[in-house]
Structure formats: structure tokens, C-alpha cells
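Step one of this worksheet: look at the structure below.
Since every read-out is calculated from the coordinates, none of them should be taken as a lab result. Given the structure is predicted, the values throughout are model-derived calculations rather than measurements. Cβ sites come from the backbone with ideal geometry, for glycine too, and all protein chains shown count toward neighbours.
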Amino acid sequence: MITVVGSYNLDMTFKLNHFPIPGETVFAQEVRVGHGGKGSNQAVSASRLGARARFVGAVGNDANGKNAINFLSSEGVDTSCVRVKNAHTGSAYILLNGGGETMIVVNRGANYELTPEDLDGCLEGKVLLTQLEIREDVVKRALSGFSGIRILNPAPAELNDVEILNYVDILTPNEVEFQEISNSDDMSYGAQILLKRVKRAVIVTLGENGAIIYTKSKSVRIPTIKVNPVDTTGAGDVFNAALAVFLERDYDLETAVEKANIIASYSVTTYGALGPTWKEIKEKYPEI
Ligand code: ADP
């Protein structure tokens, strides 16, 4: 089983001609409402690839919270460790202007009500996947209380307690997150600094250029396939989910990254932050 400890947000995207200035009201051209939050995205994407996935997180005692649990269940995700809090379900308001720029407001809501004690009895399975959209004390408890493979996707890249890294086997930042977490522009130097704490590997995802794996002894660039991207939102979420899935299936790190690249790259050719099903990916790439 893959256990994902993280956030759920209801994402609302408003397409506008222009951003409002203070005091101005603008009307949306188009509105899209969807399930989001890195934790939820990663749990659903892992489940779609055929893994048993459990989501450990918190929603509010409102209609959005009920919808979230129904959605996760309908995707085959184990929701036995989803806590219902006396709070609003997390939500994100994404304004998108004509130039493709975004302004985002997030209400963390119930996500920030999740406590370390809420994880009791929930940290089972072979792979743990977590991110930084929930409280750091919860992330630390998740990582330190888990006995399998522990992956931290450090997004967003705000980490105050660097001791958290001592409990991480594999760290998976994208390029921007890598710079923020390592405080360095030099990737191989920064990776070695992080590897003083991180146990096994730092994997930096590089968008269309695939990913690079740093271990204490070497670095390996793993290129990805060429695609025509239509929506790169959530590419990192799909990559992390797929990496967890292939590590759970006992592939070595390089092979797991190769396969996770293919799945993440395929996902940017379709809309939405969620990845493909195993059936879809096998039809497109039978050799995977
Ligand atoms: P994030 O979504 O967190 O910013 P990246 O942009 O690094 O992360 O993307 C994660 C993975 O998704 C990459 O390692 C790659 O496999 C795939 N990917 C992302 N963008 C593209 C692209 N334009 N073409 C092909 N693959 C992509």
C-alpha cells in the first residue's frame, strides 16, 4: 500500500480578461471547479495506476468535505484515515488572466487542523508520500513514524524545520523548489548538502528535460519522452505518485524514475492535475 499524507483543496479556476484592481468587480469568462490539493492529487494518481492508495488528511464538516470523500472513494482511494474537522474544507481560488498569468488565494482550512495524533494507526504500507501543504509537525510525525520508503515532495518549498529531512529517504523537488530548499544554484553541490540529511536520493524534476537523480556516489540524468504539452498543472504530482507506485513494485530507482517520467509526460498532454490510469498508459506505451 502507498500512504499519502497531505492536503485536499477544492480548486476553483476563474478565467478573466484582466485581473481586478482594488475596488473593481470583474466577471469571469469561464469557471472550472475541480478536486485538488497535492495530497489528494497524488493519492488519486497512484490509485489510478493500480496501487492500493490511502489518503491521510483532513476535510471540513461541510458539503465540500463530503464531496471530497466521495470523490476519493470513487477513485478507489482508502479514506479510512480522512479526518473531518470543524472547519472549512481547504480551497484554492485561481485567477487566470488573458495572458496566462495566475493569482492564487488559498484557504488552508481543515488541512491545517490535521494534527500529529490524527496519524495514529494510519501509517501503514510500503511507501509513504507527503508534501508541505500541511503542518510541518504533521509531516515530521508522518516521516518519523513510518518504517517503509519515505518520499517527501517539498512543495511548496517552505521548510522551517530542516530536521524533517533526516527522516526522508527520497526528496523530490522541482528546479525552483530545489533552489529554495538547498539555498544553492549549483545543483550537484546543493544536492550533496541535502544528502547529508536525506538518506537515499535527491531527485530533481526538470519539466520537459525529465529528471536527475543525485545519490552520495553519483548523479544520473534520466531524459523523458517528447510530447506536445497542453496542461502542465500537476505534472509533479503525477511524477511523485508514479515514482511511489514503481518503488512499491520493487523497481530500482533509475527504472522507477524512467517510468515515472513517461507517465508524467503523458499526463501533460491532457487537461487536469490527475494522472492516467494504468490501462490508458499501457495502451499508449505497451512497453512500460
Ligand atoms: P512540477 O510540475 O512540480 O513543476 P516539473 O515541471 O519538473 O514539476 O514536471 C514533473 C515531471 O513531469 C517531469 O520530470 C517530466 O517527467 C514531466 N513533464 C513536465 N513538463 C513536461 C513537458 N513539457 N514535456 C514532457 N514532460 C514534462
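Placing one equal scatterer on every Cα of segment 183-279 and applying the Debye formula, the log10 ratio I(q)/I(0) at q = 0.11, 0.20 Å⁻¹ is -0.33, -0.97. Which part of segment 44-85 falls in the paramagnetic zone of Thr270, meaning amide N under 16 Å from the point 7 Å along Cα-to-beta-carbon? Answer for segment 44-85: 44-51, 75-76. Among the listed pairs Lys15/Lys38; Lys140/Lys279; Lys140/Lys282; Lys226/Lys279; Lys66/Lys126; Lys15/Lys66, a Cα-Cα separation exceeding 30 Å is found for Lys140/Lys279; Lys140/Lys282. Given +1 at the Cβ of Lys and Arg, -1 at the Cβ of Asp and Glu and no other charges, the dipole of segment 150-199 around its Cα centre is 320 debye to the nearest 20.
Assuming a ≥ b ≥ c are the square roots of the Cα gyration tensor eigenvalues, decide whether the chain counts as rounded (a/c under 1.5), prolate (otherwise, with a/b larger than b/c) or oblate.
Since a/c stays below 1.5, the shape of the chain is classed as rounded.
Applying both filters, DSSP loop and at most 10 other Cβ atoms within 10 Å, to the GluC sites (Glu not before Pro) of segment 1-88 gives Glu24.
Using the rule -39500 (n - 2.57) for each DSSP H run of four or more residues, divided by the residues of the chain, the 222 nm mean residue ellipticity is -8500 deg cm²/dmol. Distance between the C-alpha centres of segment 1-61 and segment 219-245: 19 Å, rounded to the whole angstrom.
The amide H of Val56, built 1.01 Å from its N in the peptide plane, has Val4, Val5, Gly6 as neighbours under 5 Å, considering only residues 5 or more places off or on other chains. Shape verdict for segment 80-214, please, from the Cα gyration tensor: rounded (a/c under 1.5), prolate (a/b greater than b/c) or oblate. Note, shape of segment 80-214 comes out oblate. Shown in residue order for segment 11-18 are the 3J(HN,Hα) couplings computed by the Karplus curve 6.51 cos²θ - 1.76 cosθ + 1.60 at θ = phi - 60°: 8, 10, 9, 10, 8, 10, 5, 8 Hz (x for Gly and Pro). Is the C-alpha gyration tensor of segment 203-245 telling us rounded, prolate or oblate? Criteria: a/c under 1.5 is rounded; beyond that, a/b larger than b/c is prolate, otherwise oblate. Note, shape of segment 203-245 comes out oblate.
Anyone know which of Leu96, Leu49, Leu128 comes out most mobile in the 10 Å Cα GNM of the chain? Answer for the Gaussian network model of the chain: Leu96. The GNM of the chain, with springs linking C-alpha atoms under 10 angstrom apart, assigns the highest mean-square fluctuation among Phe239, Phe27, Phe178 to Phe27. Annotation: amide H of Lys85 within the under-5 Å range of Val59, Gly60, Asn61, sequence separation 5 or more or interchain, hydrogens built in the peptide plane.
Which parts of segment 79-104 would a label at Asn17 reach, counting a residue when its backbone N lies under 15 Å from a point 7 Å out along Cα-to-Cβ? Residues 97-99 qualify, since their backbone N sits under 15 Å from the label point. Seen from a random direction on average, the alpha-carbon convex hull of segment 1-141 projects onto 9.4 square nanometres.
Near Ile222, the amide H atoms lying under 5 Å from its own belong to Ala211, Ile212, Ile213; only residues 5 or more places off or on other chains count, and H is placed 1.01 Å from N. When you filter the trypsin sites (Lys or Arg not before Pro) in segment 187-228 for DSSP loop state and at most 16 other Cβ atoms inside 10 Å of their Cβ, you are left with Lys196, Arg197, Lys199, Lys216, Lys218, Lys226.
For the chain, the residue among Gly236, Gly6, Ile262 whose Cα projects farthest onto the positive side of the dipole built from Cβ charges is Ile262.
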